[in-house]
Amino acid sequence: MAGEVKIREIDEAGVADCYNIRPETRARESGYFERCFTEHQDGQRRLYIADCDGVPAGYVHLVFTPNYRPFRKMNIPEIQDLFVAPDFRRQGIGAALVAHCEAAAKLRGYGEIGIGVGLYRDYGAAQRLYVRRGYLPDGAGIVYENEQVTPGEMRAVDDFLCLKLVKRLS
């Protein structure tokens with residue numbers, strides 16, 4: 001890992017930091033991080049920011065009531081929207097953010113944690129990271145926008161098509 005990485009919870013200033021980490025979000029979904037900050041304040045999620053040598057480098061959400069029904073039904077919090085800025089990748093920041101979410105979920109008494117990962121090439125590094133960290137498929141197959149895909153069903157291969165994974169927190 002290059003540089004000192006510190007992970008902090010979002011605050012009002014952190015909203016701007018998140019847009020600086022991933023500027024395309026502002027154009028794609030106006031108000032996204034403001035809504036996430038409100039949910040963070042309300043306790044529905046935790047939003048963590050990783051700083052590398054004092055520079056915001058990545059973020060991740062830990063959602064306690066995910067939209068994915070099997071996780072919600074089994075009371076499994078979900079790591080969502082893990083993102084590390086391109087200049088900071090391959091330095092262990094993504095792994096540090098995931099480990100932070102795992103520790104936070106364990107401290108809250110959760111026995112398992114979940115995550116979804118995309119299925120195309122852009123997600124290759126994330127797929128390998130989650131396997132190295134002990135995540136396994138949840139057994140429900142692939143999902144599109146958090147709904148199971150049935151055999152023969154046609155779906156776009158995009159960011160909404162993913163495999164849900166779980167890890168037991170020991």
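Here are some notes:
- Cut-off under 5 Å, modelled amide H: who pairs with residue 58 long-range: 50, 85
- Computed from label points 7 Å out along Cα-Cβ, the spacing between residue 127 and residue 106 is 2.8 nm.
- Counting only alpha carbon atoms, the long axis of helix 12-21 and the longest principal axis of the chain meet at about 70°.
- Distance in nm between pseudo-label sites at residue 69 and residue 99 (7 Å out along the Cβ direction from Cα): 3.7 nm
- Fraction of accessible area attributable to carbon and sulfur, segment 48-169 (%, probe 1.4 Å): 52 percent
- Computed over the chain, the per-residue total of -39500 (n - 2.57) for DSSP H runs of n ≥ 4 gives a 222 nm mean residue ellipticity of -9000 deg cm²/dmol, rounded to 500.
- For the set 72, 132, solvent exposure ranked by accessible area (probe 1.4 Å, protein chains only) runs largest to smallest as 132, 72.
- Three-way shape label, the chain, alpha-carbon gyration tensor, a/c 1.5: rounded
- Highest to lowest packing among 136-143, 86-93, 99-106, scored as the average C-beta count within 10 Å: 99-106, 86-93, 136-143
- Relative to the longest principal axis of the Cα atoms of the chain, the long axis of helix 93-107 lies at roughly 70 degrees.
- Annotation: per residue accessible area for segment 1-122 equals 51 Å², rounded to a whole number [probe 1.4 Å, protein chains only].
- Note, ³J(HN,Hα) from phi for segment 66-75, Karplus 6.51, -1.76, 1.60, rounded to Hz, x at Gly and Pro: x, 6, 6, 3, x, 5, 4, 5, 9, 6
- Segment 69-170 pair-distance distribution - Cα-Cα, 10 Å bins, rounded %: 14, 47, 32, 7, 0
- In order along segment 80-88, the Karplus-derived 3J(HN,Hα) couplings, from 6.51 cos²θ - 1.76 cosθ + 1.60 at θ = phi - 60°, round to 9, 6, 5, 8, 10, 4, x, 5, 10 Hz, and Gly and Pro are given as x.
- Under 15 Å from residue 6, Cα to Cα: aspartates and glutamates that are on another chain or at least 8 residues apart: 17, 51, 53
- With Cα atoms, 0 to 90° folded angle of helix 32-42 axis to the chain main axis: 90 degrees
- Under 18 Å from the residue 142 label point (7 Å along Cα→beta-carbon), backbone N, segment 152-170: 152-166
The values are calculated or read from the model by the stated rules, or taken from the named source; none is laboratory data. All values reported here derive from a predicted model rather than from experimental measurement. Ideal geometry is used to build each Cβ from the backbone, glycine not excepted, and the neighbour counts take in all protein chains shown. Remember, those area values only see protein heavy atoms, side chains included, never the ligands or the DNA or RNA. Shrake-Rupley method; radii C 1.70, N 1.55, O 1.52, S 1.80 Å.
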